[in-house]
Amino acid sequence: MSNELRPREQAAAGLEQLAALVRAQAWRSDASTSPLPPTQAQVLRMLAAAPQGLRARPLSDRLSVSPASLSDSLKAMEAKGWIRRTLDLDDRRAWVVRLSRAGRNLAARLQRPGQGMAGLLQGLDDADVGALLRVSQLLVAEAQRQGMATGLRTCLGCRFFRPFAGGNAGKPHFCDFIGAAFGDAELRTDCAEQVPADDDVLAVNQERFRLRNPP
Ligand code: SF4
């Protein structure tokens, strides 16, 4: 018994095992593409959710990699024809990165339901997916609090999010942006409409979201 991991360590070991399995699968990718490094896969996913393009700085912040490391990844992706870089019209010193047609096709393949983590979640019912999304929100908030990343676009970090204000057990939360109540299974981990909450709103929302017995 003394060698057994405690609950938090078991959970951490499980998450790390899954992440390693998915990373290994991402490197194998599918037969029609060469192995895909995890950072490049993440960049493809982020750019697929931002058709207007993203600057390099927010990309490196959200990925928690150094600007130099991101620059290497972007150069490799540009050489493969997956991205285009253009000067930002608002700031001629900055570049905006967008997916090319080939990059969009590859990103769509990565997002197929059978790929990566998504493939592992296929067997879960909505309640378990909702529970996982709830925990994901809390883990992303903790990652940001610990300085591991910034700029992640979750509901819990959003100024429009009102936890337990939906007035309905099935849809306990409320989004002020769309003006509708929603449940845990509809929590967003990467929402294009997200606007970061200020520190006071964030603290109140996090405390409320953690409640076991919502008001
Ligand atoms: S705008 Fe998006 S991130 Fe913000 S609360 Fe609504 S759904 Fe969530």
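Where a number appears in this text, it was derived from the coordinates with a stated rule and is not lab data. Remember, it's a predicted structure, so these values are computed and weren't measured experimentally. For neighbour counting, all protein chains shown are included, and Cβ atoms are generated from backbone atoms with ideal geometry for every residue, glycine included.
Mean sequence separation of contacting Cα pairs (under 8 Å, at least six apart), scaled by the length of the stretch 7-119, corresponds to a relative contact order of 25 percent.
Within the listed set Ala12, Ala118, Ala24, the residue fluctuating most in the Gaussian network model of the chain (springs between alpha-carbon atoms under 10 angstrom) is Ala12.
For Ala48 and Asn168, the FRET efficiency from 1/(1 + (r/R0)^6), where r spans their Cβ atoms and R0 equals 35 Å, is about 0.60.
Relative to the Cα centre, what is the charge dipole magnitude of the chain, using +1 at the beta carbon of each Lys and Arg, -1 at the beta carbon of each Asp and Glu, and rounding to the nearest 20 debye?
Dipole about the Cα centre, nearest 20: 740 debye.
Let me know the shape class of the stretch 114-198, please: from the alpha-carbon gyration tensor, a ≥ b ≥ c as square roots of the eigenvalues, rounded when a/c is under 1.5, otherwise prolate if a/b is greater than b/c, or oblate. Oblate is the answer for the stretch 114-198, as a/c is 1.5 or above yet b/c matches or exceeds a/b. The residues packed around Gly170, meaning those with a beta-carbon under 13 Å from its beta-carbon, carry a net charge of -2 if Lys and Arg are +1 and Asp and Glu are -1. Entry note, the chain: the mean residue ellipticity at 222 nm calculated from DSSP H runs of n ≥ 4, each adding -39500 (n - 2.57), is -15000 deg cm²/dmol after division by the residues and rounding to the nearest 500.
Our estimate of slack between Thr189 and Gln111, defined as 0.36 nm per intervening residue step minus the Cα-Cα distance, is 26.6 nm. Dipole of the chain computed with +1 at Lys/Arg Cβ and -1 at Asp/Glu Cβ about the Cα centre; of Trp95, Leu211, Ala165, farthest Cα towards the positive end is Trp95.
The long axis of helix 126-145 is offset from the longest Cα principal axis of the chain by roughly 70 degrees.
When the chain is treated as a GNM with alpha-carbon contacts under 10 Å, the residue of Ala149, Ala102, Ala169 showing the greatest mean-square fluctuation is Ala169.
Label reach from Arg208 (point 7 Å along Cα→C-beta): in the stretch 173-193, amide nitrogens under 17 Å belong to 173-184, 187-188. For the chain, take the longest principal axis of its alpha carbons; what is the angle in degrees between that and the long axis of helix 7-28, to the nearest 10 within 0 to 90? Here the helix axis deviates by roughly 30 degrees.
Taking Ala56, Ala203, Ala11 as the candidate residues, the one with maximal mean-square fluctuation in a Gaussian network model of the chain, Cα springs under 10 Å, is Ala11. Rounded, prolate or oblate for the stretch 169-215? Axes are the square roots of the Cα gyration tensor eigenvalues, ordered a ≥ b ≥ c, and the cut-off for rounded is a/c under 1.5. Oblate. Computed from the Cβ-Cβ distance with R0 of 45 Å, the FRET efficiency linking Arg98 to Arg6 stands at 0.50.
When the stretch 125-209 is described by a simple charge dipole with +1 on each Lys and Arg Cβ and -1 on each Asp and Glu Cβ, the residue from Leu139, Phe174, Ala149 located farthest towards its positive end is Phe174.
Kindly list the residues of the stretch 66-98 that lie in the label zone of Ala149, defined by a backbone N under 16 Å from the point 7 Å along the Cα-to-C-beta vector. What the label zone holds, given the 16 Å backbone N cut-off, is 66-67, 70.
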